[in-house]
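The values are calculated or read from the model by the stated rules, or taken from the named source; none is laboratory data. Since the model is a prediction, treat every value here as computed from it, not as a measurement. Because the Cβ atoms are built from the backbone with ideal geometry, glycine has one as well, and the counts that use them run over all protein chains shown. We work out accessible area using only protein heavy atoms, side chains counted, and drop any ligands, DNA or RNA first. Shrake-Rupley method; radii C 1.70, N 1.55, O 1.52, S 1.80 Å.
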Amino acid sequence: MLRFISRAALSKTQNYAVFDPRPSSSASLLNHHCFYSSKAKPDNKKQENNKANKPKSKASDSASYAFQSDAATSATDESESARVRVHLLADDERDPSLDVGPKNRPLFTRTSSLSSLTRRDACNYFKFNEGELKAALPEGLPAGMVAEFRESMRPALLVRQGFLDIRDNFRRTVDPTLNSSNGPKVRKQIVLDGPVSCGKSIVLAMLVNWARDEGWLVFYVPRGREWTHGGYFYKNPENGLWDTPLQAENVLKDFLKYNESRLRELPCQILDPIRLGEGAGVGPLKGVDSKEIPEGSSLYDLVQMGIMQTHAAIGVVVRLRKELSLVKDIPVLIAIDQYNNWFTFSEYEEPVTIRSTRPVHAREVAMVNAFRSMMHDDMMVGAFSHSTAVGKLRKDLPDVPEDARINLPRYSLDEAATVSHYYLRQRLVNREVFTEENWKKVYYLSNGNGAEMRSLLPIMQ
């Protein structure tokens, strides 16, 4: 009876839903350390079934039908409007006189690569090949970039001075001959901060695209929040850190997507055995606690080991971080988006008593612990993402150099002028109501917020 009550009490906690049925007492249940997070993907099927089984009145049925009918009509109108706009934009491509920005300046830069952009190209739009961009960023495009491409119906982005400064900073880091005595200080570690919707994630993605075009080895994490949310998690008794094997496997798969050919050429420089942990939902291996790395193995072989064997996934990710520091043949860049999520609590909780839990901090998660620190000599950039709402962090972050933080501002007035003319060019704005006075009203109303400008400009009058 006591065992049944203990299990019932523990099952009410959302953070861990999978237990080994073997423990025979409440104390042994608390000592067990393999859990599954159920917060990330709540099961709403039961709620939906309950809603479906509730009787509905005739009035509610009629109102619901009317609402669905209006929604369907609106969706049809929007779809038809989008089709018409696509055809009109196709016709506009044959008229280069439309590609004019404020003060009759060219709207688009003629430069064909991010490497060739100069300060003269700032405040102009750069045209991407969407297929090539997705191939260069197989880990996924930032949500802001996807929304911009979708709403404007063109894969083009504004060239901002902030991107050029960060790109040139890392360029000077690799080639010291580009430095000048009166130039800005070179930083190997950068934290990209700024207000909501100022384009931090887009700048980071453009930086990764540029670095890969230059032949660099880039470890890109577009969704750092996923390292501390969802999946299986368990406490490693050897180091006291929390292992997340599902996230580790996904990270290794993403890293392999673009870098496979390069990793095949880079040898493993650390041949110590990989410590094995628990697998995702399958527990530890019996009688085996490590896996040897054969002599002559490449980094590709190391990554494949973590993908193919779930028990080795965490150990491989941690080892990969050390291996990246030892690569000297080519420049290596570590780029982390949603980096601020690594300085607050994860969604994981550790049972303390039969009725209480302790929140697990991100620094206690093994993968975050291996990659979070910037107190090293490697090139690393982390971008904050305020859309994940982790709260305001203190200015002096632990394990981050004091001068690492760079603030990316929202649109300046000149940038807003170019953006407004670009949306006019893309028929997102009605030409009849487009005036300098009107777009400036939108700019000041949105305070230079790019996402808000994109949503307000089409409805200005």
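All told, A143 falls short of being of a type in the set (A, V, I, L, M), in contact (Cβ under 8 Å) with a residue 40 or more places away in the chain and open to solvent by less than 70 Å² (accessible area, probe 1.4 Å). Reported count of residues in the range 83-102, each being free of Cβ contacts under 8 Å to residues at least 24 places away in the same chain and in a helix (DSSP H, G or I), is 7. Scanning the range 255-275 for residues that are open to solvent by 30 Å² or more (accessible area, probe 1.4 Å) and either assigned to a loop (DSSP other than H, G, I, E, B) or under 24 Å from S201 (Cβ atoms) (or both) yields K257, Y258, Q269, I270, L271, D272, P273.
Among the listed residues L285, L320, which satisfies the condition of being without any contact (Cβ under 8 Å) to a residue 40 or more places away in the chain and either surrounded by 14 or more Cβ atoms within 10 Å (Cβ to Cβ) or not in a loop (DSSP other than H, G, I, E, B) (or both)? Steps first, please.
Numbers: L320 fails: without any contact (Cβ under 8 Å) to a residue 40 or more places away in the chain.
Result: L285 is the single residue among L285, L320 that is without any contact (Cβ under 8 Å) to a residue 40 or more places away in the chain and either surrounded by 14 or more Cβ atoms within 10 Å (Cβ to Cβ) or not in a loop (DSSP other than H, G, I, E, B) (or both).
Here T435 fulfils each of the conditions (1) touching a residue at least 12 places away in the same chain (Cβ under 8 Å); (2) under 30 Å from D91 (Cβ atoms) apart from (1). Say whether the condition of being crowded, with 23+ Cβ neighbours inside 10 Å and either in contact with a helix residue (DSSP H, G or I) (Cβ under 7 Å, 6 or more places away or on another chain) or over 29 Å from A362 (Cβ atoms) (or both) is met by at least one residue in the range 163-186. Yes, the range 163-186 contains a residue that is crowded, with 23+ Cβ neighbours inside 10 Å and either in contact with a helix residue (DSSP H, G or I) (Cβ under 7 Å, 6 or more places away or on another chain) or over 29 Å from A362 (Cβ atoms) (or both).
Only residues that are of a type in the set (A, V, I, L, M, F, W, C), open to solvent by less than 80 Å² (accessible area, probe 1.4 Å) and assigned to a helix (DSSP H, G or I) were counted in the range 438-461, giving 6.
Out of curiosity, is Y232 at pLDDT below 95 and open to solvent by 40 Å² or more (accessible area, probe 1.4 Å)?
On the way: at pLDDT below 95: yes; open to solvent by 40 Å² or more (accessible area, probe 1.4 Å): yes.
Considered against the rule, which asks whether it is at pLDDT below 95 and open to solvent by 40 Å² or more (accessible area, probe 1.4 Å), Y232 comes out as yes.
Just to be sure, is T353 closer than 19 Å to P195 by Cβ and polar (S, T, N, Q)? For T353, the condition - closer than 19 Å to P195 by Cβ and polar (S, T, N, Q) - is not met. Note on the range 323-361: among residues that are among the polar types (S, T, N, Q), open to solvent by 20 Å² or more (accessible area, probe 1.4 Å) and not in a helix (DSSP H, G or I), the one that is nearest to E139 (Cα to Cα) is Q338.
Number of residues in the range 192-220 that are surrounded by 23 or more Cβ atoms within 10 Å (Cβ to Cβ) and assigned to a strand (DSSP E or B) equals 3.
Report whether or not V429 is of a type in the set (V, I, T) and either assigned to a loop (DSSP other than H, G, I, E, B) or in contact with a Cys (Cβ under 7 Å, 6 or more places away or on another chain) (or both).
Working: of a type in the set (V, I, T): yes; either assigned to a loop (DSSP other than H, G, I, E, B) or in contact with a Cys (Cβ under 7 Å, 6 or more places away or on another chain) (or both): yes.
Yes.
For S420, indicate whether it is assigned to a helix (DSSP H, G or I) and within 18 Å of D193 (Cβ to Cβ). No: the conditions fail for S420.
Checking each residue in the range 251-278 for being under 26 Å from V208 (Cβ atoms), touching a strand residue (DSSP E or B) at 6+ places or on another chain (Cβ under 9 Å) and not hydroxyl-bearing (S, T, Y) picks out V251, D254, F255, N259, R262, L263, R264, E265, L266, P267, C268. Of note, R94 does not satisfy the criterion of being in contact with a Cys (Cβ under 9 Å, 6 or more places away or on another chain), open to solvent by 80 Å² or more (accessible area, probe 1.4 Å) and of a type outside the set (S, T, Y). Annotation for the range 383-400: no member residue is of a type outside the set (D, E), touching a Ser or Thr at 6+ places or on another chain (Cβ under 6 Å) and part of a helix (DSSP H, G or I).
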